[in-house]
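Take a look at the structure set out below.
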């Protein structure tokens, strides 16, 4: 899908147009998702917010395949103790956390992760007072008992080896399996 707001150019008055809205409103239910993108952001509380301090937030773009087409659901995870339960729910869903055990999330592994979520229809009024609907995550779901989670995070294994007949040992070179992060 082309990001027409950031990557494409201006259209001329006589240019042909063909692209139409690809918005798909999902019926409420449980769906498999893939995290297409994650951006780090900052949550700014509103006067009515239960969270009253600025906090980091992860802005997720979830892709869901359906017979009607591909749907996009946006979700944000606020890094605050008041929403720690939702962070746990998400990381359990994508297989990075085991229920009942603490974990330190690996945010670099979030894009491309797979999980399952209960999706609801959110009804709201836009700034022009028009009624609108979109989808949002009601809850992230645990992998089904007895099945592997859709994607399980595993720490990279380090192998120590020695080459024969060398007088000076050099440490083995580590390969970076996560392009975009240099270690």
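Values quoted throughout were computed directly from the atomic coordinates according to the rules given, and no laboratory measurement underlies them. On a predicted model such as this, the values are computed, not experimentally measured, just so you know. Cβ atoms come from the backbone with ideal geometry, glycine included; neighbour counts cover every protein chain shown.
The figures follow:
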quantity: Theoretical gain in end-to-end length, residue 10 to residue 51 [0.36 nm per residue, Cα-Cα removed]; calculated: 10.7 nm
quantity: For the range 29-141, alpha-carbon Rg and Dmax in angstrom; calculated: 14.8, 46
quantity: Gain in span if fully extended, residue 79 to residue 133, counting 0.36 nm per residue against the direct Cα distance; calculated: 16.8 nm
quantity: Potential extension, residue 114-residue 30 segment - 0.36 nm per residue separation minus Cα distance; calculated: 28.9 nm
quantity: Modelled FRET efficiency - R0 41 Å, residue 125 with residue 98, Cβ distances, 0.05 increments; calculated: 0.50
quantity: Packing-based exposure ordering (other Cβ within 10 Å, fewest first) of 97, 118; calculated: 118, 97
quantity: Inter-centroid distance (Cα atoms) of the range 10-41 relative to the range 62-81, Å; calculated: 11
quantity: At R0 = 35 Å, FRET efficiency that the Cβ-Cβ distance of residue 40 and residue 17 yields, to 0.05; calculated: 0.50
